[in-house]
Amino acid sequence: MTAVRTTHTTPPPRLPVRDKAAAGDRAWGGVSPMLTRLAAEEATGVLVRERGSLHLVDGRVVHAESPSAPGLDLLLTAHGTLRAEAWEAAARATDDRHATTRLLLDGGLLSSGALELCHLGALYDAAYFVLAPSSTPGRFRYGVRHQLGSVRPVPVAALERETLRRRDLLHRVWPDAATDGASLVRADPVAPPPITSRQAAVLAMVDGVRTATDIARALGRRAFPTLVDVRRLVSAGLVSPRPPAPATEALPDVTDPDITLLKRLRDALEAL
């Protein structure tokens, strides 16, 4: 019998595991490395991306704008927080939004709490779209300040965490993002499931033309909760993206000699 000598070797060190809680505090997740860097340097200016812009003051986000999200004025006036006539009158009497809101606050037509609540809703709503994955690089313009000023600055880490939470929520409701920007059509399931009153209002606006953003504006609601309602309706089989129009077959090109030949044949037939 031959003895086989085995050598004892030290096992390799375990790979490091990232602490999820610590990662969240550092806003890990790759939402926007540029935004994280701007927060670290406490920059002031505007970050312009493919789907909107973020305004920063001392490294904190003070305002967000996106064509995909209703603005502050709509959220303030849609459901009685502020009369539309009062906003329009204040806007005509002032030069910028900061002066408009200040005039409304000083006149007792708008409370500071209502302004802050609507402003934060509009900011997080628009920021979700601004921070969407994009193949277009962002641009930052230093020193640019938004007319509205600082209502309630939001730390970049908090904004990125909320953006990631919203992405995860939408994915869990319905993983296909095609419904977010497509025109929507109603389906007719055999046994439609029960839906909430909020979802029923969204469903009533589906007409084959409107997108989720269009519906949000028509209802005076924030865009992200409307996306959630739409994806839940899609998951329930009540709504689907409008299918693309069928491609039309291209007609063959007709050249001048072909036209001349056709005319000669016509003339020959008429002469018979």
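Return yes or no: is Val151 buried (at least 16 other Cβ atoms within 10 Å of the Cβ), of a type in the set (Val, Ile, Thr) and under 18 Å from Thr101 (Cβ atoms)? It is true that Val151 is buried (at least 16 other Cβ atoms within 10 Å of the Cβ), of a type in the set (Val, Ile, Thr) and under 18 Å from Thr101 (Cβ atoms). Only one entry in Arg232, Arg217, Arg172, Arg152 is under 23 Å from Gly52 (Cβ atoms) and within 19 Å of the chain's Cα centre (by Cα), namely Arg217.
Could you run through the stretch 167-201 and say how many residues are more than 16 Å from Thr213 (Cα to Cα) and either touching a strand residue (DSSP E or B) at 6+ places or on another chain (Cβ under 8 Å) or not small (Gly, Ala, Ser) (or both)? Selection size over the stretch 167-201: 19.
Of all the residues in the stretch 167-195, those that are open to solvent by 70 Å² or more (accessible area, probe 1.4 Å) and polar (S, T, N, Q) number 0.
Between Ser66, Ser32, Ser53, the distinction of being in contact (Cβ under 8 Å) with a residue 40 or more places away in the chain, more than 26 Å from Leu104 (Cβ to Cβ) and of a type in the set (S, T, N, Q) belongs to Ser32 only. When you scan the stretch 235-250, do you find a residue that is under 30 Å from Arg60 (Cα atoms) and either modelled with pLDDT under 95 or surrounded by 15 or more Cβ atoms within 10 Å (Cβ to Cβ) (or both), even just one? Looking through the stretch 235-250, none of the residues is under 30 Å from Arg60 (Cα atoms) and either modelled with pLDDT under 95 or surrounded by 15 or more Cβ atoms within 10 Å (Cβ to Cβ) (or both). Those helices (runs of 4 or more DSSP H) of the stretch 78-142 in which at least 2 residues are in contact (Cβ under 8 Å) with a residue 60 or more places away in the chain and within 20 Å of Leu56 (Cα to Cα), considering only elements entirely within it, cover 112-130.
Looking only at the stretch 112-148, residues that are among the β-branched types (Val, Ile, Thr) and open to solvent by less than 20 Å² (accessible area, probe 1.4 Å) come to 1 in all. Beta carbons closer than 6 Å, at least 6 apart along the sequence or on distinct chains, pair a first residue in the stretch 169-196 that is in contact (Cβ under 8 Å) with a residue 24 or more places away in the chain with a second that is open to solvent by 60 Å² or more (accessible area, probe 1.4 Å) and among the aliphatic types (A, V, I, L, M) for Ser183/Val209.
Residues considered: Thr94, Thr77. Of these, the only one that is farther than 22 Å from Asp180 by Cα, open to solvent by less than 40 Å² (accessible area, probe 1.4 Å) and at pLDDT below 90 is Thr94. Only one of the numbered conditions (1) farther than 22 Å from Arg49 by Cα; (2) open to solvent by 20 Å² or more (accessible area, probe 1.4 Å); (3) among the aliphatic types (A, V, I, L, M) is not met by Leu104, and that is (2).
Evaluation of Glu42 against the conditions (1) under 23 Å from Val156 (Cβ atoms); (2) charged (D, E, K, R); (3) surrounded by 14 or more Cβ atoms within 10 Å (Cβ to Cβ) shows that the sole unmet condition is (3).
The values are calculated or read from the model by the stated rules, or taken from the named source; none is laboratory data. None of these values were measured; they are calculated from a predicted model. With ideal geometry, Cβ positions are generated from the backbone for all residues, glycine too; neighbour counts draw on all protein chains shown. Accessible surface areas use protein heavy atoms only, side chains included; no ligands, DNA or RNA. Shrake-Rupley method; radii C 1.70, N 1.55, O 1.52, S 1.80 Å.
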